[in-house]
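Engineer: Below: one structure in structure tokens.
The values are calculated or read from the model by the stated rules, or taken from the named source; none is laboratory data. Keep in mind it's a predicted model, so treat the numbers as computed, not measured. Please note: Cβ atoms are built from the backbone with ideal geometry, for glycine as well, and neighbour counts cover all protein chains shown. Quick note on the areas: whole protein, heavy atoms, side chains included, nothing else; ligands and nucleic acids left out. Shrake-Rupley method; radii C 1.70, N 1.55, O 1.52, S 1.80 Å.
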Amino acid sequence: MLEHSQAVRAELLIEVKNMTDEQFNQKPSQDVWSPGQILQHLYLMERVITGGMKQVLMSGEKKEISEKPLELVIDRSRKVHAPENLKPAEGSYVKEELLSKLEESRRELINFAETAPVQALKEKAMKHPYLGELSLKQWVEFIGYHEKRHLLQLAEVKSEAIKK
């Protein structure tokens, strides 16, 4: 369940590894997130999703949920706006601090996924603003697909920065 997310995270870390803090905070245009903002968004998203899943696991009712095609999340041709609480703040980010936060949020996710009863992850659900009801199992998987989407965005931002 976590293999895809872990592989995408490894790619993400490679993508930002050699960036200076200046490059990490560079925006190709005003309406595009910097690499730092992208990582801040990923951190916020992972924390919020993991926290929500913990609550649902403890109190949510059992439901029969059909699986959604999560690979559609990667499609960058469709613009999706982040909810206000998951939008990164403007300003500068320190790469090492954000990488540490991402490591912390991933440890929380892994701990949740490895300790939650497998059957409960399949039977309990949480609403996604665009995909509808997702089982907790699919929410765990969604994090990797969402991160892959932003990995592609990061590559676009880096490419644009090089052109300038």
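Engineer: Kindly list, by first and then second residue, each pair from a residue in segment 69-92 that is exposed (fewer than 14 other Cβ atoms within 10 Å of the Cβ) to a residue that is assigned to a loop (DSSP other than H, G, I, E, B), limited to pairs with Cβ atoms under 7 Å and residues at least 6 apart or on different chains.
Structural biologist: Short answer, once both residue conditions are applied: Val80/Tyr130; Pro83/Pro129; Ser92/Asn25.
Engineer: Right, next: Could you tell me whether any residue of segment 74-95 is farther than 23 Å from Gln26 by Cβ, in contact with a Lys or Arg (Cβ under 9 Å, 6 or more places away or on another chain), assigned to a helix (DSSP H, G or I) and of a type outside the set (S, T, N, Q)?
Structural biologist: Within segment 74-95, one or more residues are farther than 23 Å from Gln26 by Cβ, in contact with a Lys or Arg (Cβ under 9 Å, 6 or more places away or on another chain), assigned to a helix (DSSP H, G or I) and of a type outside the set (S, T, N, Q).
Engineer: Sort out which residues of segment 36-65 are β-branched (Val, Ile, Thr) and under 30 Å from Ile14 (Cα atoms), and write them in order of number.
Structural biologist: Passing the criteria: Ile38, Val48, Ile49, Thr50.
Engineer: Hey, Ile110 hits all of (1) hydrophobic (A, V, I, L, M, F, W, C); (2) in contact with a helix residue (DSSP H, G or I) (Cβ under 8 Å, 6 or more places away or on another chain); (3) surrounded by 13 or more Cβ atoms within 10 Å (Cβ to Cβ) but one; which does it fall short on?
Structural biologist: (2)
Engineer: Hey, could you check segment 44-68 for residues that are of a type in the set (Gly, Ala, Ser), loosely packed, with under 14 Cβ neighbours inside 10 Å and modelled with pLDDT of 90 or more and say which is farthest from Gln138 (Cα to Cα)?
Structural biologist: Filtering segment 44-68 for residues that are of a type in the set (Gly, Ala, Ser), loosely packed, with under 14 Cβ neighbours inside 10 Å and modelled with pLDDT of 90 or more, the one farthest from Gln138 (Cα to Cα) comes out as Gly51.
Engineer: Which of the residues spanning segment 143-160 are open to solvent by 40 Å² or more (accessible area, probe 1.4 Å) and either outside any helix (DSSP H, G or I) or farther than 16 Å from Gln26 by Cβ (or both)?
Structural biologist: Matches in segment 143-160: Tyr145, Lys148, Leu152.
Engineer: Now, a different point. Exactly one condition in (1) open to solvent by less than 90 Å² (accessible area, probe 1.4 Å); (2) assigned to a helix (DSSP H, G or I) is false for Gln119; which is it?
Structural biologist: It is condition (1) that Gln119 fails.
Engineer: With the requirement that a residue be more than 30 Å from Gln23 (Cα to Cα), β-branched (Val, Ile, Thr) and more than 18 Å from the chain's Cα centre (by Cα), what does segment 90-141 give you?
Structural biologist: Answer for segment 90-141, where residues must be more than 30 Å from Gln23 (Cα to Cα), β-branched (Val, Ile, Thr) and more than 18 Å from the chain's Cα centre (by Cα): Thr115, Val118.
Engineer: Which one of the conditions (1) over 26 Å from Met19 (Cα atoms); (2) within 14 Å of the chain's Cα centre (by Cα); (3) modelled with pLDDT under 95 does Ala82 fail to meet, given that it meets all the rest?
Structural biologist: Tallying (1) over 26 Å from Met19 (Cα atoms); (2) within 14 Å of the chain's Cα centre (by Cα); (3) modelled with pLDDT under 95, Ala82 fails exactly one: (1).
Engineer: Is it true that some residue in segment 16-33 is closer than 18 Å to Gly144 by Cα and either small (Gly, Ala, Ser) or open to solvent by 50 Å² or more (accessible area, probe 1.4 Å) (or both)?
Structural biologist: Here is the first cut: in segment 16-33, the ones closer than 18 Å to Gly144 by Cα are 16.
Those left that are additionally either small (Gly, Ala, Ser) or open to solvent by 50 Å² or more (accessible area, probe 1.4 Å) (or both): none.
Within segment 16-33, none of the residues are closer than 18 Å to Gly144 by Cα and either small (Gly, Ala, Ser) or open to solvent by 50 Å² or more (accessible area, probe 1.4 Å) (or both).
Engineer: Would you point out which residue out of Leu13, Leu102 is farther than 15 Å from Arg149 by Cβ, surrounded by fewer than 16 Cβ atoms within 10 Å (Cβ to Cβ) and at pLDDT 95 or above?
Structural biologist: Leu13
Engineer: Quick check on my filter: what residues within segment 34-56 are in contact with a Lys or Arg (Cβ under 6 Å, 6 or more places away or on another chain) and of a type outside the set (Gly, Ala, Ser)?
Structural biologist: As a first pass, look at segment 34-56 and keep what is in contact with a Lys or Arg (Cβ under 6 Å, 6 or more places away or on another chain): 34, 43, 56.
Residues satisfying the conditions are Tyr43, Val56.
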